[in-house]
1. From the list Ala67, Ala29, which one is modelled with pLDDT under 95, surrounded by fewer than 11 Cβ atoms within 10 Å (Cβ to Cβ) and in a helix (DSSP H, G or I)?
2. For a quick check of your reading of the model, give me the residue pairs whose first member lies in the stretch 41-58 and is without any contact (Cβ under 8 Å) to a residue 40 or more places away in the chain and over 11 Å from Ser90 (Cα atoms), whose second is open to solvent by 60 Å² or more (accessible area, probe 1.4 Å) and assigned to a helix (DSSP H, G or I), with beta-carbon atoms closer than 8 Å and at least 6 apart or on different chains.
3. In this structure, is Arg120 charged (D, E, K, R), under 30 Å from Ala40 (Cβ atoms), part of a helix (DSSP H, G or I) and modelled with pLDDT under 85?
4. Suppose we filter Ile100, Ile92 for residues that are open to solvent by 40 Å² or more (accessible area, probe 1.4 Å), under 26 Å from Ile44 (Cβ atoms) and touching a Phe, Trp or Tyr at 6+ places or on another chain (Cβ under 9 Å); which single one remains?
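The values are calculated or read from the model by the stated rules, or taken from the named source; none is laboratory data. These numbers come from a predicted model, not from an experiment. As a convention, Cβ positions derive from the backbone with ideal geometry for all residues, glycine included, and neighbour counts pool all protein chains shown. These area figures cover heavy atoms from the full protein model, side chains too; ligands, DNA and RNA do not enter into them. Shrake-Rupley method; radii C 1.70, N 1.55, O 1.52, S 1.80 Å.
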Amino acid sequence: MTEPAAERTPDPRATDAVTAGEADTPDVADFRPLSLPRRALIGILLGGAQFLVGVIGVESLNGRHLAASDWIVENRYIYGTMIEELLEMSGIAVALAALISLFQHDARSGHHRLDPAVQRRAPAPTA
């Protein structure tokens, strides 16, 4: 009889669901894709929301209008398409601007570096 997985693994966060083969893989709890500084995180989320409003919301309304007008393109459809594309492009621009804000120029050394808030969140090196 084998002992439970939680007793075999040295990691105290492990559970009975962890098998011997999974104990060697990186821990899922260590993967935090949204552990960015608050301004970057908010910018990326707002840019993504703005993009989705254009993709899902305005595009759906344009499609309904085009179907209701027997697939005849009118000015209302053209203006709606312009608004849709504007929302999509500006959403991408907002998200990119939030990512670019993570890089800073150090005037003393003349080098570019990551925002100190990002460097503080980096995991400590393991021996």
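1. Residue meeting the stated conditions: Ala29.
2. Pairs that qualify, where the first residue is without any contact (Cβ under 8 Å) to a residue 40 or more places away in the chain and over 11 Å from Ser90 (Cα atoms) and the partner is open to solvent by 60 Å² or more (accessible area, probe 1.4 Å) and assigned to a helix (DSSP H, G or I), are Val58/Ile83.
3. yes
4. Of the residues listed, the single one that is open to solvent by 40 Å² or more (accessible area, probe 1.4 Å), under 26 Å from Ile44 (Cβ atoms) and touching a Phe, Trp or Tyr at 6+ places or on another chain (Cβ under 9 Å) is Ile92.
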